[in-house]
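Here is the structure we will look at, set down as structure tokens.
The values are calculated or read from the model by the stated rules, or taken from the named source; none is laboratory data. Everything numeric in this text was worked out from a predicted model, so none of it was measured. Cβ coordinates were reconstructed from backbone atoms using ideal geometry, including for glycine residues, and neighbour counts include every protein chain displayed. Note: accessible area is taken over every heavy atom of the protein model, side chains too, but ligands, DNA and RNA are not part of it. Shrake-Rupley method; radii C 1.70, N 1.55, O 1.52, S 1.80 Å.
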Amino acid sequence: MAEVVIVENSEAAGELVAAEIVELIEGRPDAVLGLATGSTPLPVYLALRSRLAGRDVSQVRGFALDEYVGLDPAHPESYRSVITREVVEPLGLDPRRIHVPNGAEATIQHAGGDYEAAIDAAGGVDLQLLGIGTDGHIGFNEPGSSFASRTRVKTLTEQTRADNARFFDSVDDVPRHCITQGLGTILRARHLVLLAFGEGKAQAVADAVEGPLSAFLPGSAIQLHPHATVVVDAAAASKLRLADYYRYTFANKPEWQGI
Ligand code: GLP
């Protein structure tokens, strides 16, 4: 099962995961990062600013999880814009090495296959950051997504559109379709790091970590991965049945193991 690390707050989570990413880049300057959007990974990107300052990150590569279909990439809430604003610019990454699925309608029929080919050509993702939606989606893999799925177009649930409406003027402006790495794509990354904070994510986290394996609970796909780390605050951990065991395990973990 995934290793669950219960931290004090989102800042502590950001520092923990950022340290892991820095170590990865130190060992492999052209590391391939799997980048997530949403508010959850922001503390990681923030912590990386100071930790990466002064280091050579010119070779670092990245692949975002998903993108809205039909939204102008220049729109401030396109995931291309978000990744540029929150990750590429503040960390000084080379924008040519950072990929986001292409949500343009004109090329959408082959955009999924193109993205898979680009990930393969890069040798796969080393560390994939993940948030989780309140309905349990990872990337934009809504309930019902196949565990074997690859990058493709999906229809967003009304719940997800309502959740993401806060980034737009109104819920009507939230696109209905997205292009997202599949659960099967995500499972091919070498290390999964799923973050979640706050009570609102508690059920989705419990389902992902301890729930039955089910396409109805897309986050539960992480149970199939040999190296998955779940970093949560106490509120997001509040529905985990084995929370005490996870705390005990982490407190007694040999330092050399990392996360
Ligand atoms: C979006 C993204 C997901 C993200 C989710 C949760 O739907 N596609 O990758 O995990 O939102 O967002 P937040 O982290 O803001 O709660």
Open item on the list: Can you tell me which of 14, 112, 144 moves the most in a GNM of the chain? Springs connect C-alpha atoms under 10 Å apart.
Closed with: 144
Open item on the list: What does the C-alpha gyration tensor say about the overall shape of region 19-84? Classify as rounded when a/c is under 1.5, otherwise prolate if a/b is larger than b/c, or oblate.
Closed with: prolate
TODO: Give me the percent of the accessible area of the chain that comes from carbon and sulfur atoms, probe 1.4 Å, all protein chains in place.
DONE: 53 percent
Task: Two-decimal Rg/Rh across the chain, once Rg and the Kirkwood Rh are taken from alpha-carbon atoms - done: 0.94
Open item on the list: Given a 10 angstrom Cα cut-off, can you work out which residue in 133, 219, 54 is the most mobile in a GNM of the chain?
Closed with: 54
Task: Residue-averaged [θ]222 nm for the chain, counting only DSSP H segments that reach four residues, each worth -39500 (n - 2.57) - done: -9000 deg cm²/dmol
- [ ] For an R0 of 30 angstrom, estimate the FRET efficiency from the Cβ-Cβ distance between residue 104 and residue 19 and round to the nearest 0.05.
- [x] 0.25
Open item on the list: For the pair residue 59/residue 155, report the inter-label distance in nm, with labels modelled 7 Å from Cα in the Cβ direction.
Closed with: 4.6 nm
Open item on the list: About the Cα centre, and with charges only on the beta carbon of Lys, Arg (+1) and Asp, Glu (-1), how big is the dipole of region 3-257? Nearest 20 debye, please.
Closed with: 400 debye
Task: Nonlocal amide H pairs with residue 64, under 5 Å, H built at 1.01 Å - done: 35, 99, 100
Open item on the list: Just to verify a number: what accessible area does residue 190 come out at with the full protein assembly present, 1.4 Å probe, Å² rounded to tens?
Closed with: 110 Å²
Open item on the list: Along the Cα→Cβ direction, 7 angstrom out, place labels at residue 50 and residue 168. What is the inter-label distance in nm?
Closed with: 3.7 nm
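Which trypsin sites (Lys or Arg not before Pro) in region 49-98 sit in a loop by DSSP (not H, G, I, E or B) and have at most 16 other Cβ atoms within 10 Å of their own Cβ?
Counting only loop positions with at most 16 other Cβ atoms within 10 Å, the trypsin sites (Lys or Arg not before Pro) in region 49-98 are 55.
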Task: Label-zone membership for region 165-205, site residue 12, 7 angstrom Cα→C-beta point, backbone N under 20 Å - done: 193-203, 205
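Using a probe radius of 1.4 Å on heavy atoms only, what accessible surface per residue do you get for the chain? Whole Å² is fine.
44 Å²
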- [ ] Would you work out which of 153, 249, 175 lies farthest towards the positive end of the dipole of region 104-249? Charges go on Cβ: Lys and Arg +1, Asp and Glu -1.
- [x] 249
Open item on the list: I'd like the Karplus ³J(HN,Hα) series for region 50-60: coefficients 6.51, -1.76, 1.60, θ = phi - 60°, whole numbers in Hz, and an x wherever there's a Gly or Pro.
Closed with: 6, 5, 9, 4, x, 9, 7, 10, 5, 9, 4
